[in-house]
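One structure is given here, and the rest of the page talks about it.
The values are calculated or read from the model by the stated rules, or taken from the named source; none is laboratory data. Here the structure is a predicted model, which is why all the values come from computation and not from measurement. Positions of Cβ are generated from backbone atoms using ideal geometry, with glycine treated the same way; all protein chains shown enter the neighbour counts. Note: areas computed on protein heavy atoms with side chains; ligands, DNA, RNA excluded. Shrake-Rupley method; radii C 1.70, N 1.55, O 1.52, S 1.80 Å.
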Amino acid sequence: MKIICFKVFQGKNIYSHKKCIRLDLDLEGYCETPSKEIYGFNESLITMLPELSKHRCGIDEDQGFIKRLTEGTYLAHVTEHIIIALHNMIGVEICYGKAREISGDNYYIIYQYEYKNTGLEAGNIAVGLINSLINKETFDLSLELNRLKEVLINEQLGVSTLNICSEAKKRGIPVLKIGEDSMFQLGYGKHSKYIKATLSSDTSALAVDIAQDKLLTKEILTLHCLPVARGMRVESKLEAILEAKEIGYPVVLKPQFGNQGKGVTANIKDEIQLSKVYELLIKDYKDIILEKNIVGRDFRVCSVYGDIVAVSERIAPYILGDGISSIRKLIENTNEDPRRGEGHEKELTKIKIDDALKIYLKQKGYSLESILPKKEKLNLKDNANLSTGGFALDCTDLICEENIEICKRASSAIGLDICGIDLICEDISKPINNKGAIIEINAAPGIRMHHRPYMGVQRNVAGDIVDKLFKDTPKSIPLVAVTGTNGKTTTTRLIGHILSIAGYNVGMTTTSGIYIGGKCIFEGDTTGPKSALAVLANKDIDAAVLETARGGIIREGLAYDLADIGVITNITGDHLGIDGIKTLEELAKVKALVGEAVKEEGYVVINGDDNMSISILSRLKSKLIIFSNNKENEIMKINIKKGGYGIYVDQGNIIIQKGTDLKKLMEIDSIGISMKGILKYNVENAMAACAAAVGLGINYDIISQGLRSFYCNQDQNPGRFNIYFVNDIMVVLDYGHNIEGYKCVLDALKHIEHKKLIGVIGVPGDRLDSDILEVGKCAGENFDYIFIKEDEDRRGRSIGEVAGLLEKGILKSKFLNMNMEKVLEEAEAFKTALDFAEYGDIVIVFFEKSEPLVDIMKNKIDKIKGADKLLIKS
């Protein structure tokens with residue numbers, strides 16, 4: 001088999017609410033060959049991967065997958081389980097996966113992942129393993145697992161980042177990954193915060209620079225009368241020897257700029273040792289500090305926004321001799337401790353046998369092959385950093401008030417919001433003023449030692465950090481997601497308009513662009529997840545309204561985790577046959593994701609008059625707001641009885657009802673986009689927008705004001721039934737591109753006085769032939785004259801193909817051929833229609849691009865007039 005392609009879903013998607021990878025496979029002739037019929041396949045696989053015996057599989061019983069193998073299952077299914085097993089074997093706990101046939105040898109597999117590159121590599125290894133079993137080739141699983149582990153280590157989040165993100169999620173704060181490294185955004189919009197490990201948006205860059213400079217830190221702490229080890233920078237070996245005599249042995253040599261204890265040598269007792277250490281250190285570091293060696297235990301104090309939240313004693317890695325084993329063997333035995341892992345994956349880090357360790361042992365008079373006497377203790381480092389193999393004991397409850405005050409003053413002096421203060425003293429429970437010192441202040445302190453101490457109480461420092469980051473700050477912003485077949489752009493814009501009146505600075509994605517505070521910052525169809533991220537990451541907004549189209553949901557999933565409001569305007573047969581969605585039921589499942597991804601206390605807005613929208617109600621777990629043109633709508637009435645909202649039309653008014661409470665919001669004729677009630681579909685869009693605003697708790701007067709002041713014009717709702725008058729000829733521009741869109745617009749035009757109704761029609765090329773024929777037939781039944789054009793983007797169709805189908809549909813309606821003309825280029829078709837039109841006619845253009853059409857009208861007259869001359873039929 002081979003991998004054809006893959007997709008990575010970083011959030012909720014149509015396959016799962018978990019992060020998933022989709023692998024498309026070509027089984028290369030094995031689509032009908034069960035595993036049991038491949039000689040030796042099952043036996044070899046189970047021997048190589050005993051982990052598979054833990055899989056219960058879909059039959060949900062002990063060794064369920066082994067049973068399926070024995071009965072005979074297919075290779076795509078086997079691949080799925082191997083991928084899951086590989087993850088579990090390297091310590092990544094995933095469990096979700098499924099395999100589905102596309103056609104013939106083509107299958108796809110969906111499986112959960114935690115880390116993208118690890119997930120993709122597991123897929124490659126699984127396919128390679130299966131191919132080796134089929135071809136009877138050698139496969140080094142141990143080698144592949146080690147390689148997979150390396151991939152994981154390279155992209156695995158550190159304990160600090162992982163815990164902070166986890167604590168944010170527990171508090172309902174959304175988390176966005178920014179870039180490929182470990183940068184994350186907590187929250188959306190203006191209230192969001194960046195974090196990278198324990199650096200945050202509030203961390204001062206200047207304070208970080210100070211902390212990185214150990215000499216400058218020492219000088220500032222001295223100015224604040226805080227206890228530090230006496231020290232200075234030394235420019236040469238001679239200067240180091242002279243200064244050491246001045247301050248007295250033992251001394252410490254270390255880099256002025258360094259981290260994680262690298263390059264630090266403590267307890268240097270004489271001139272000879274000092275000379276050797278200096279010669280080694282100067283090879284790697286330009287700036288070197290010499291300071292007095294402070295005798296005592298090594299403590300790390302964690303300060304979060306001035307509060308001392310955790311204290312640990314750090315103990316350098318060491319070994320105890322047994323009189324038999326070499327130092328190398330003793331280290332290897334220590335590394336066998338299951339609590340030790342690579343990097344930051346576990347509570348302890350394995351002790352590295354490297355050149356630095358060899359040099360350190362040589363200074364102590366040992367080599368890796370030395371036999372350590374029984375019960376003799378040998379420290380392997382001068383520092384106790386966890387990253388070099390040290391371990392920590394929790395001492396938070398032991399630190400005295402005097403030392404707490406010293407640490408608070410130290411963090412304030414440097415100016416760090418989050419820092420680690422390194423103290424050396426004999427007893428942290430006694431004031432250190434005369435018997436200890438502050439050695440360093442660390443920006444971006446690791447918090448693994450506090451969350452996973454070797455002994456003692458686990459301290460939730462990550463939770464403290466998140467709580468301080470969002471103290472007196474909203475944890476998120478109002479987020480509304482809008483989907484549906486028709487009306488979603490208008491509904492999105494209208495919700496954004498209402499929220500703007502309510503005082504919000506709104507970020508919005510639509511089919512026409514990304515808008516921040518009413519200004520377009522990017523033009524184009526921006527209804528996918530990347531555009532949504534651009535809004536959610538924007539630091540100016542405090543509310544987001546996201547038009548969320550079918551294509552983006554299918555191809556990339558959702559950009560956000562949970563919305564406050566999910567709006568589904570309607571679900572009708574558009575885009576069928578695209579992206580593997582063949583039926584209306586499948587399309588409904590796609591749209592349902594917007595309703596599924598809503599907070600438990602949030603609302604899903606549903607069109608009670610739309611059968612397919614009603615069909616997905618069982619998938620929704622949040623509260624509901626049902627809107628309907630009929631106050632007797634049964635689904636809505638049931639929701640109201642359950643305590644939910646209903647929004648409906650009654651005697652020409654919009655009514656909001658919850659329980660027995662009724663509120664007359666406004667008259668339909670007063671809704672700006674209803675154009676005095678003739679645009680019935682915009683009454684539905686207005687109810688949907690009203691419902692979203694109600695769900696957000698917006699004042700009813702503000703909702704009413706918003707609905708009254710939003711119109712079908714180029715400024716507020718471009719491309720949606722925009723009316724112009726060109727020398728007493730009415731022109732309507734509309735983005736309608738499916739049968740329902742056509743019907744809604746044509747129904748409205750019947751209520752406007754006119755002589756001839758002239759249509760300039762087209763349909764996107766990716767629609768089904770049957771859909772295009774239906775649009776043509778609808779046009780033939782309603783227009784007096786028709787000009788057929790095609791979109792510039794034919795979406796895979798040949799020139800004239802869509803026009804031919806439209807013509808065929810038109811003629812099915814008994815339309816006179818003499819009243820129809822093909823002009824394939826959109827602007828030329830409009831010019832021709834405009835030249836043909838006479839006083840009192842209406843020209844309606846179902847456009848692809850409106851700007852060239854507006855320019856044509858501007859060239860016809862000095863000023864394009866709006867819809868003030870509109871005459872409504874009684």
Can you give the relative contact order of the range 390-536 as a percent, counting alpha carbon pairs under 8 Å and 6+ residues apart? 15 percent
To the nearest 10 degrees, how steeply does helix 159-170 sit against the main Cα axis of the chain, on a 0 to 90 scale? 40 degrees
Residues with amide H under 5 Å of Ile438's amide H, sequence separation 5 or more or different chain, H placed in the peptide plane at 1.01 Å from N; which? Val228, Ala229
So how much slack lies between Thr138 and Asp650, counting 0.36 nm per residue of separation and subtracting their Cα-Cα distance, in nm? 176.8 nm
Would you please report the Å³ per residue occupied by the convex hull of the alpha carbon atoms in the range 615-683? 98 Å³
Once both labels are modelled 7 Å past Cα along the beta-carbon direction, what's the Glu37-Leu398 spacing in nm? 6.9 nm
Are there chymotrypsin sites (Phe, Trp or Tyr not before Pro) in the range 1-70 that DSSP marks as loop and that have at most 11 other Cβ atoms within 10 Å, and which are they? Tyr39
If unit charges are put on Cβ atoms (+1 for Lys and Arg, -1 for Asp and Glu) and the dipole of the chain is taken about its Cα centre, the option from Thr572, Leu226, Gly840 lying farthest towards the positive end turns out to be Leu226
So what does Lys149 come to for accessible area, using a 1.4 Å probe and Å² rounded to 10? 60 Å²
Most to least packed among 114-120, 357-363 [average Cβ atoms within 10 Å]: 114-120, 357-363
Starting from the amide H of Asn267, placed 1.01 Å from N in the peptide plane, find each other amide H under 5 Å away whose residue is 5 or more places distant or on another chain. Val251
Could you tell me the accessible area of Asp472 in Å² (1.4 Å probe, neighbours in place), rounded to the nearest ten? 150 Å²
Going by accessible area, probe 1.4 Å, with all protein chains left in place, what is the ranking of Lys664, Lys621, Lys468, largest first? Lys621, Lys664, Lys468
Give me the extension gain from Leu216 to Arg56: residue separation times 0.36 nm, minus the current Cα-Cα distance, reported in nm with one decimal. 51.6 nm
Among [x] 311; [y] 221; [z] 174, which is the computed volume of the Cα convex hull per residue in Å³? [y]
Over the heavy atoms of Ile723, what accessible area does a 1.4 Å probe trace out, to the nearest 10 Å²? 10 Å²
Angle between the chain longest axis and helix 401-414 axis [Cα atoms, degrees, rounded to 10]: 60 degrees
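Mind putting a number on the dipole of the chain about its Cα centre? Charges go on the C-beta only, +1 for Lys and Arg and -1 for Asp and Glu, and I need it in Debye to the nearest 20.
Details: 111 positive and 122 negative charges, 307 e Å.
Roughly 1480 debye, rounded to the nearest 20.
Taking the radius of gyration and the Kirkwood hydrodynamic radius from Cα positions alone, what is the Rg/Rh ratio for the range 657-727, to two decimal places? Mind dumping the intermediate values first?
Working: Rg = 13.5 Å, Rh = 13.1 Å.
A ratio of 1.04.
Please work out how much length the chain gains when fully extended from Lys245 to Asp747, using 0.36 nm per residue of separation minus the C-alpha to C-alpha distance, in nm with one decimal.
On the way: separation 502, 0.36 × 502 = 180.72 nm, distance 9.78 nm.
In short, 170.9 nm is gained.
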Which of Lys276/Lys350; Lys637/Lys676; Lys237/Lys269; Lys193/Lys468 exceed 19 Å between C-alpha atoms? The answer is Lys276/Lys350; Lys637/Lys676
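Rounded to the nearest 5, what % of DSSP beta bridges with both residues in the chain are antiparallel?
On the way: 100 of 147 bridges.
DSSP beta bridges in the chain are roughly 70 percent antiparallel.
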In whole Å, what is the distance between the alpha-carbon centres of the range 412-457 and the range 351-401? 19 Å
From the Cα centre of the range 620-678 to that of the range 102-155, the distance in Å is 53 Å
Could you check the spin-label model distance between Ile272 and Ile3? Points 7 Å from the Cα along Cα→Cβ, value in nm. 5.9 nm
Helix 488-501 versus the longest principal axis of the chain: what angle, 0 to 90°, nearest 10, using Cα atoms? 70 degrees
FRET efficiency for Arg619 and Asn106, using Cβ-Cβ distance with R0 set to 25 Å, rounded to 0.05: 0.35
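Report the relative contact order of the chain, percent, no decimals, based on alpha-carbon pairs under 8 angstrom and at least 6 residues apart.
On the way: 1859 pairs, mean separation 72.3, N = 874.
Computed over the chain, the figure is 8 percent.
Which order do Arg767, Arg230 take by accessible area at a 1.4 Å probe, largest first? It would help to have the intermediate numbers written out before the result.
Working: Arg767 10, Arg230 125 Å².
Greatest to least solvent exposure: Arg230, Arg767.
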Distance in nm between pseudo-label sites at Asp202 and Asn819 (7 Å out along the Cβ direction from Cα): 7.1 nm
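Quick one: if the Förster radius is 41 Å, what FRET efficiency do Glu332 and Thr47 give, using the C-beta to C-beta distance and rounding to 0.05? Each step should come with its number before you reach the end.
Details: r = 28 Å, r/R0 = 0.69.
E(calc), rounded to 0.05, equals 0.90.
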Where Lys582, Lys214, Lys364 fall by accessible area, highest first, once all protein chains stay in place (1.4 Å): Lys582, Lys364, Lys214
Let's test the formula: R0 of 30 Å, r as the Cβ-Cβ distance of Ser236 and Lys358. What FRET efficiency results, to the nearest 0.05? 0.70
What would the Debye equation give as log₁₀ I(q)/I(0) for the range 336-437 at q = 0.10, 0.14, 0.24, 0.25 Å⁻¹, counting only Cα atoms as equal point scatterers? -0.44, -0.80, -1.23, -1.27
Dipole check, the chain, charges on Cβ (K,R +1; D,E -1), about Cα centroid: among Val311, Gly780, Gln651 the Cα furthest to the positive pole belongs to Val311
